[in-house]
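Here you go, one structure.
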Amino acid sequence: MGLGKTIEATYIWKELQARQDARRLLVVCPSFLREKWRSDLQKRFNIVGEIISAKDLLQKITDVERGGSSSSFVYIASLESLRPPPDFEEESKTSTRARFARLLDQNVASDDFVLFDLVILDEAHYLRNPSTGNNRLGRLLREAARHLVLLTATPIQIASDNLYQLLRLIDPEEFHDSGLFGEMLKSNAPIVAALRSLWRLPPDVTSATQAISAALESAYFKGDAVLQRIKDQVPLIATDPNLRIELARYAEATAPSEPGWRCQGESRRRTLVRRLPEKSLPQRRPNVSSVDG
């Protein structure tokens, strides 16, 4: 509920406006945060956001569907007002929430048309249970939006399943098996330990080397050329402290849960594309994105 997440998410929106001429933003949050979002957007970024009811949002988005892609808006809606019922697909269900869900379901984002350029889901931990209406809404919005951002500052403490469910919400094709996800996290642990050692002052070269060696013994990282190069160069930090920054960056890019991923394209239309470091290194297969609190 602090300002940090709002600022980070709005910077993403500003970038999308500059790079892709993004015009339609929907912020979905618990009802008690709607006014805070409106106020923060106005005060910090001079963005005029409109708090909108589910009924009015349905009408506005219906107009977008009928009229094409020229309209622009920044709407702020409550999570509670939009969560669809389980049987929303039945035409006999005429509630606003059911009709809005059908509208989303019938308008999967494409290169030619999209209902929303960006959807921001605040307090995303409310969506972690896949059997709930909140999660159902998240899945529908994911398909109807060109970009999706999940925000949460709430620790995810029940093993790794809650994290897995949120990542699955972002990309169900990539995160399709909780067992494999657990193995990714296990393989990633030595990389996290190595990064912590590299960022200490002074860097703990011995611990970093041991952690990378442990990672290279795992089935996931065995024979990884990038990681082997990092291990070989870690001892050189003693004579070149600036090397620590470069090696830590490469280690982050190697880890299964590295934060340098971006969502692009399908999911009924979405794939993950890796953002590699600028310097050329042997490329690895993409794996798991991390979620920043």
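Bear in mind that the values in this text are calculations on the coordinates, not laboratory data. Keep in mind that what you see is a predicted model, and the values were worked out from it rather than measured. Every residue, glycine among them, receives a Cβ derived from its backbone with ideal geometry; neighbour counts consider all protein chains shown.
Only sites in a loop by DSSP and with at most 15 other Cβ atoms within 10 Å count here; which trypsin sites (Lys or Arg not before Pro) in segment 178-230 make the cut? Please list the in-between numbers first.
Details: sites: Lys186, Arg196, Arg200, Lys222, Arg229; in loops: Arg200, Lys222.
In loop regions of segment 178-230 (DSSP not H, G, I, E or B), the sparsely surrounded trypsin sites (Lys or Arg not before Pro) are Arg200, Lys222.
Quick one: Cα convex hull volume of segment 3-154, Å³ per residue?
101 Å³
Working out 0.36 nm times the residue gap between Thr154 and Thr94, then minus their Cα-Cα distance, what length gain in nm do you get to one decimal?
18.1 nm
If each of Val192 and Asp56 carries a label point 7 Å out from its Cα toward its Cβ, how far apart are those two points in nm?
4.3 nm
Please list, by residue number, every one of the GluC sites (Glu not before Pro) in segment 145-221 that is coil in DSSP and has at most 11 other beta-carbon atoms within 10 Å.
Answer by residue number: Glu217.
Arranged from highest to lowest average of other beta-carbon atoms within 10 Å per residue, in what order do the peptides 161-172, 113-124 appear? Write out the running numbers ahead of the final one.
Numbers: 161-172: 19.7, 113-124: 22.3.
Highest to lowest by the protection proxy: 113-124, 161-172.
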